[in-house]
Amino acid sequence: MLATGPFPAMSRRPCDGGCALVAFLLFCLVTLIGLSAPARADDLVIGAALYTDPSASLDFDAVRQRDFEPVPLPTSQGYSSAAFWLKVDIAPAPDGSPVRLRVFPPVLDQITLFTPAPDKSGDWVTVDMHARPAYGLSGYVLPAMDTPLTIYLRIRSVGSVSPHVWALPINDSVESNLRLNLLQTFYLTLMLALLVWSALMARSTGEPLFRNFALLQTVWSAQNLLGFGYGPVLLPGLAAGTSGTTYRLLVIIVVVVSIAFHRQVIGRLAPPPLTMRLFDVLQALSLVALTLFAAGFIAMALTVNALCILGLPFVVLANIFLGKQDASPGRTTLRVVYVALAFSIFLWVFSFLGFAKSRLPSQFNTMLHGTVTGILMFLILHRHGQTLVTALRDAETALLSAEARRAAEREHSRFLLGFIDMLGHETRNAMAVIRMSLGGKALPDHKRLRVEETIDGLNGIIDRSIDVARLEIGDKKVVAAPLSLADLLAEVLRPYGTARIHHDVPENAQITTDPVLLKVALGNLVDNAVKYSAPDTDIRIRYIRLRDVLTLTVENEAGPAGLPDPDKVFRKYYRSTLAHSRIGSGLGLYLVHTLARLLGGSVRYTPEGTTIRFHLTLPC
């Protein structure tokens, strides 16, 4: 586990452990697919024929007089409002036992069974399969027979119609149902593993791709649960019609989320804007399908949704091959994966639209497509996640190193501060002795003034050095309080007199800030102007307030030291070449710049001709 820091603690488990788990579940899934293959030797269905009633108006007696066309099972009829009649011939069980009949998929809207009456009277028994509890999991049991039996199924659905019928001896059906349920359970576990892995990766990395993939897996898994017939088991109060409607709503939501997810993945390759617009067209169509569904036009909504699914592979391939920028886990990897994904979508779409004949029941096609899509997206996101985790670990390591360096620098600064405090104390004592000694000497006024200026300059260097050291170790804290700006400025100007310095700060000017820090900042600006202005020229301090921001501008005419370099003026220890004739530390303006930021404001330098201007801007 990584040390705690600004990033979430991460281990190898979400990325590498997730890979091992998904690989294990995939192995189990493939094994169970082999064990649960639908083409079983003990399947008692010996023939099937189909009649299509376009108007869905014929009754059972009328349909029996029509000609049925032999069809293989499963049979894919795509989207249609017609009623489909299946005539199924079932052989008797070899052991003379009853026969369990199952019709797939369970989400077909209407499934009506017509079977000969057990008393062999010639009458027919009509069974509404949806009226039976959990019929999608248990099916319907036909009585034992000694000769082949012919049954009829009337099927109608607003969704894709791809019915399949199994008929197994009652004992064999228990084993078959168990294997099918195991297969579906392992498949759903694989989907859940991908969901949990992507959610953990989203939490660890903050990457939206993982969050959106987790959302996609959530909706897809919920759709599969209903599509496999587990709705009435998980939600006993859910009516059959409600379960089918909810399933088809989830079908549309899956497409909406899928388009957004693939757009996000492929958009990192920077394809041309025109081809990326195709994603927007598909997204708009999918939202139209969702709106139609909400308005009650379910068949039309599903048709529009199917067109979106059919168009998605073309849009994906166009953008993936026109992408101009590399992106994790690599452009070539993304292209290979998306070609395989497009092929999987084509097969899946063509099978449920009836364009391609599949020997697998619809739920097997769904599991196959879900597995292929999930694993392909996992491969992309797993490699992308490794890149992100590595980058985050490197960033965290660099940040921890930087924090360690800053801690060492702060400790070093504290040592320097102690040394400067000691040196300043001793130096001030020495300066005080020198000043007292000069008081008894008969010196010319200009020499006495020169000595006084030198002593004040040395004291100023010590004060600024201590202020800078305290700032850099974080000892200076902002303690804001309302104060009179005019009174504070008067304190700053008192040592300099008022002959040269003029200001227009109103008497009632108020500001809420740290008075100590603001006094230091203003003092350094004024001291800089006094020290480096041309002799006998005025120094002006201008006051401007706009709403909750005020600006104090300190300006003076440049003296012998000239104009400071705008690019270097706020650097620590910067002094212009000509300024070295005066005693100074190069810390004053650096201190102003640091204090201004600490107070939530800023300071700017805007020279104009021979005029030097510093603008101190602060929130009120």
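The values are calculated or read from the model by the stated rules, or taken from the named source; none is laboratory data. These numbers come from a predicted model, not from an experiment. Cβ coordinates were reconstructed from backbone atoms using ideal geometry, including for glycine residues, and neighbour counts include every protein chain displayed. Only protein heavy atoms, including side chains, enter the accessible area calculation; ligands, DNA and RNA are left aside. Shrake-Rupley method; radii C 1.70, N 1.55, O 1.52, S 1.80 Å.
For the reader, a short list of remarks on this structure follows.
- Checking every residue in segment 522-530 against the condition of being open to solvent by less than 80 Å² (accessible area, probe 1.4 Å), closer than 28 Å to A481 by Cα, in contact (Cβ under 8 Å) with a residue 60 or more places away in the chain and part of a strand (DSSP E or B) gives zero matches.
- In segment 531-547, the residues that are in contact (Cβ under 8 Å) with a residue 24 or more places away in the chain and part of a strand (DSSP E or B): S533, I539, R540, I541, R542, Y543, R545
- Residue ID - nearest to L341 (Cα to Cα), chosen from residues in segment 363-389 that are within 20 Å of the chain's Cα centre (by Cα) and open to solvent by 70 Å² or more (accessible area, probe 1.4 Å): L379
Let's see how each residue does on (1) in a loop (DSSP other than H, G, I, E, B); (2) acidic (D, E); (3) crowded, with 20+ Cβ neighbours inside 10 Å:
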| residue | (1), (2), (3) |
| --- | --- |
| I309 | no, no, yes |
| F314 | no, no, no |
| A318 | no, no, no |
| K324 | yes, no, no |
| A327 | yes, no, no |
| R335 | no, no, no |
| S344 | no, no, no |
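- Each residue in segment 78-94 was checked for being part of a loop (DSSP other than H, G, I, E, B), farther than 17 Å from I46 by Cβ and not polar (S, T, N, Q), and 1 of them qualify.
- The criterion of at least 3 residues that are within 50 Å of the chain's Cα centre (by Cα) and surrounded by 15 or more Cβ atoms within 10 Å (Cβ to Cβ) is met by the following strands (runs of 3 or more DSSP E) wholly inside segment 97-201: 99-104, 110-116, 149-156, 164-169.
- Against the list (1) among the aromatic types (F, W, Y); (2) under 21 Å from F210 (Cα atoms); (3) modelled with pLDDT under 75, the condition F378 fails is (3).
- Residue in segment 574-594 that is part of a strand (DSSP E or B), farther than 24 Å from A499 by Cβ and either aromatic (F, W, Y) or touching a residue at least 12 places away in the same chain (Cβ under 8 Å) (or both) present: no
- Across segment 572-600, the number of residues qualifying as within 40 Å of the chain's Cα centre (by Cα) and either buried (at least 19 other Cβ atoms within 10 Å of the Cβ) or at pLDDT below 85 (or both) comes to 6.
- Residue pairs whose Cβ atoms lie under 7 Å apart, separated by 6 or more positions or on different chains, with the first residue in segment 548-571 and more than 23 Å from P619 (Cβ to Cβ) and the second open to solvent by 50 Å² or more (accessible area, probe 1.4 Å) and among the hydrophobic types (A, V, I, L, M, F, W, C), are P560/L578; A561/L578; G562/L578.
- Complete set of residues in segment 532-562 that are open to solvent by less than 40 Å² (accessible area, probe 1.4 Å) and charged (D, E, K, R): E555
- Qualifying positions in segment 244-298 - farther than 13 Å from V315 by Cβ, over 22 Å from the mean Cα position of the chain (by Cα) and not in a helix (DSSP H, G or I): A295, G296, F297
- Test result for D53, modelled with pLDDT of 90 or more, open to solvent by 20 Å² or more (accessible area, probe 1.4 Å), of a type in the set (D, E) and under 16 Å from T112 (Cβ atoms): no
- So P232, is it modelled with pLDDT under 90, open to solvent by 40 Å² or more (accessible area, probe 1.4 Å) and assigned to a helix (DSSP H, G or I): yes
- Members of segment 502-515 found to be free of Cβ contacts under 8 Å to residues at least 60 places away in the same chain and surrounded by fewer than 14 Cβ atoms within 10 Å (Cβ to Cβ), listed by number: H502, D504, P506, E507, N508
- The set of residues in segment 478-501 that are at pLDDT below 90 and loosely packed, with under 12 Cβ neighbours inside 10 Å comprises V479, A481, R494, P495, G497, T498, A499.
- Pair list, Cβ under 7 Å, 6 or more apart: segment 293-322 residue more than 21 Å from A270 (Cβ to Cβ), other residue polar (S, T, N, Q) and buried (at least 16 other Cβ atoms within 10 Å of the Cβ): N305/S286; C308/S286
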